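Q: Mind having a look at this structure? Questions to follow.
Bear in mind these aren't lab numbers, they're just calculated from the coordinates by the rules spelled out. On a predicted model such as this, the values are computed, not experimentally measured, just so you know. All Cβ positions, even for glycine, are placed from backbone atoms using ideal geometry, and neighbour counts span all protein chains on display.
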Amino acid sequence: MSATVIRTIPPNKGQGIVANFGYVFNPKLETRFFLRYREETLSQGNTLTKYQIKHDPSSNLVPSGRKKDGSTLLGSKTTYTFDDNAKLEVGLGYNDYPLYNGWRYSATPQDWRSKDINLTLRYLRTGDTFLGFNSDTTATFSTTRAYLGDVKSHSKATKIKQQEANYTGSRDTVFSLGNELQLTDNLWLSTGLSFIDIKRKAEIEYTTGVNNTAFPNGVEYEEHDTAPRIGLRYQLTPEFELFGNVSRSIDPPVTWQLGSTGTPYIRDVRPQKANTVEFGIRGGHGIFDGSLTLYRSWVQKELLSVVVRQATATQDQLVATSNGSPTIHQGIEAGLNAQLWQGQGGDTVTLRQAYTYNDFHYRHDATFGDNELPGLPRQVYQAELEYRQPSGFYAQLNARAASSYYVDFANSLGAPSYTLWGAKVGYEAPNKKWEVFVDARNLTNERYATASNTAYDAKGQDSANFYPGDPINVTTGVSYRF
């Protein structure tokens, strides 16, 4: 005789405050301060198989939990306007983000500390001329440094430290120049160049584990790069605008992607780089307005993550990040709004739609060929039909549909597609100061996978790689804007 123990998840809870206030010293000088403080206790269920998603979505054999015991964000932005209307903006930021991960269920919970400081300087000039053309120019300097970053794991049973990784000293510094030049009454040229300096420092300072791999116990590097961009905008008609851009992007790994407490080594993960071409059209005519964009990116060293160990009752899930072989990201982004009806009293019926097509795949990988990259629906469609009165009452019916996608790099297991329906009714004061609403989601109580793990090769077998989506639920709320 056997029995299955279902572990229930306590309700999530959180509290916090968001505030900002400013002061104008004189017409040339003003400043604004920002504050955000948040405490959270979060729990979530384990990943499920597709069969469980459809037949037993409340299974929770391996739940996980994390606590944020007071994350704090402090910032300020000070603006000085010169006599020629040029502006200098000075921004300062401090972020303290403590995290206690796996505190409720894991046998080896982890204490994360992350404190960083940021300085941003931006100089803006408008209304200049260059070679006889109207010119607007921006120069920006930004640097963010982790002045304290580490993660420590310990045995819940004995309280003995198991491992400590340190990231203090990692930094991102960027200096950017941007310009927009009006070549004719209908044509604008946008150019830019960014100089990027990236420093990553990660080290396993203590561990009870044994490193039997070729990976080192620490990694430290500094990389310099440039990211140019050039674009054109053409006013085809008073209502429609054509645009096109060519750009380069640099995306560095976050520190924990190099390693944390799951393994006694560090991975030498380098920044992801991509060259992107995009073009499209935007505008409106009559009752319609919208946009259509097509893009293609050639990506080098893409940051790809894979689950190498599923969570168990005594171990957390282990995710490894590495630089992949060359990949392609290409797709379509489209949006279309239409005012279907307007009454004599100002009542309106509006339909808003958005569609994305994603084609992300390898480019002749030695193992996976031209396989699709996992974890992203190939197609997503969203729509919202809204009736609104000038007095502030509104009612909405909305839908979201997502196609299937692979959950492993071998493209052997796919997530099920889904369609969700929702409705929202509310009242917004004419002065926009306050609002009350009732929001109902997943009206048909669809059992679906809202996201998935990324597996290496599922070998076509249904496995626990899917996160269950929320069942039918209703939220009520009141918002007030000062």
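Q: Tell me which chymotrypsin sites (Phe, Trp or Tyr not before Pro) from the stretch 70-136 have a DSSP coil assignment and no more than 13 other beta carbons within 10 Å of their own.
A: For chymotrypsin sites (Phe, Trp or Tyr not before Pro) across the stretch 70-136 that sit outside H, G, I, E and B with at most 13 neighbouring Cβ atoms in 10 Å, the list reads F82.
Q: Report the trypsin sites (Lys or Arg not before Pro) located in the stretch 380-482 that are in a DSSP loop and have at most 12 other Cβ atoms inside 10 Å of their Cβ, or state none.
A: Details: sites: R388, R400, K424, K432, K433, R441, R447, K459, R481; in loops: K432, K433, R447, K459, R481.
Those satisfying the criteria are K432, K433, K459, R481.
Q: Can you work out the FRET efficiency for the pair L88 and E435, with r the C-beta to C-beta distance and R0 = 25 Å, to the nearest 0.05?
A: 0.10
Q: Can you count the Lys pairs in the stretch 1-143 whose Cα atoms are under 26 Å apart, with each pair 8 or more apart or on different chains?
A: 9
Q: DSSP loop (so not H, G, I, E, B), at most 12 other Cβ within 10 Å: list which trypsin sites (Lys or Arg not before Pro) in the stretch 148-241 pass both filters.
A: Taking the stretch 148-241 and a limit of 12 other Cβ atoms within 10 Å, the loop trypsin sites (Lys or Arg not before Pro) found are K159.
Q: Also: Taking the Cα of Q382, stepping 7 Å toward and past its beta carbon, and measuring to each backbone N in the stretch 266-281: which are under 18 Å?
A: none
Q: Please give the Cα centre distance for the stretch 61-91 versus the stretch 358-375, rounded to the nearest Å.
A: A separation of 37 Å, based on Cα centres.
Q: Another one. Show that you can apply the helix-only estimate: for the chain, add -39,500 (n - 2.57) for every DSSP H stretch of four or more residues, divide by all residues, and state [θ] at 222 nm to the nearest 500.
A: -500 deg cm²/dmol
Q: Specify the inter-centroid distance of the stretch 220-285 and the stretch 154-194, based on alpha-carbon positions, in whole Å.
A: The two parts, judged by their Cα centres, are 11 Å apart.
Q: List, largest first, the extents of the alpha carbons of the chain along their principal axes, each in whole Å.
A: Computed over the chain, the largest-to-smallest principal extents equal 78, 54, 51 Å.
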